[in-house]
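Before any comments, here is the structure.
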C-alpha cells in the first residue's frame, strides 16, 4: 500500500504559496521588469523626400525624427548624423520641434543618387552610471532630378 500523504508533500516548506512561487520566481520577474524599463523602442523616421530637384549650390537638406520610449534615455545627449558612405554629417535640432533634426549635405553635381543612413548616438541611465548606445536606420536613397 502507498502512503498518499508522502506523494504530495512539497520538498521545501512555503508559507501560503505553491513550491513554484518561491523567491527565485519573484526575482526573475523583477529582473525582467528592470530590463523592460531600461530597454525601449526607438524609431528613426526619414523625413527627407525620395527625390529632390538638382540644387545649383549643391546642398541638400536631410531631415529625420527620432523617438524613444526608453525611460532611461537621456534626450539631451542625442547626437544624430547623416551617414553617406563612411562620412558622417552632424545634424542639428530644428527650432520648431524637439524631436526633429536636419542638416545640409554637399553632393557633387555629377551624382544622381545618394545612398544614406541615419546614425543616432544617445546616452541613458544604467544601474550605476550613465552609458551610451547607438542606433542606425535602414538605408535610404535620394534621387536628384533635373539638369
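Per the listing 90, 106, 80, the residue uniquely over 18 Å from the mean Cα position of the chain (by Cα) and within 16 Å of residue 48 (Cα to Cα) is 106. Taking each residue of segment 51-63 that is in a loop (DSSP other than H, G, I, E, B) and looking for partners that are surrounded by fewer than 14 Cβ atoms within 10 Å (Cβ to Cβ) with beta-carbon atoms closer than 8 Å, six or more apart or interchain, yields 54/109; 54/145; 54/146; 54/147; 58/106; 58/108; 58/109. Could you tell me whether residue 99 is under 17 Å from the mean Cα position of the chain (by Cα) and without any contact (Cβ under 8 Å) to a residue 12 or more places away in the chain? Answer is no for this residue. Tally time: how many residues in segment 50-60 are surrounded by 14 or more Cβ atoms within 10 Å (Cβ to Cβ) and under 23 Å from residue 136 (Cβ atoms)? Within segment 50-60, residues that are surrounded by 14 or more Cβ atoms within 10 Å (Cβ to Cβ) and under 23 Å from residue 136 (Cβ atoms) number 2.
Of all residues in segment 71-93, none satisfies the criterion of being out of contact with any strand residue (DSSP E or B) (no Cβ under 9 Å at 6 or more places or on another chain) and at pLDDT below 85.
The values are calculated or read from the model by the stated rules, or taken from the named source; none is laboratory data. Treat the numbers as computed from the prediction; the structure is a model and nothing was measured. No Cβ is skipped: glycine too gets one built from the backbone with ideal geometry, and neighbour counts run over all protein chains shown.
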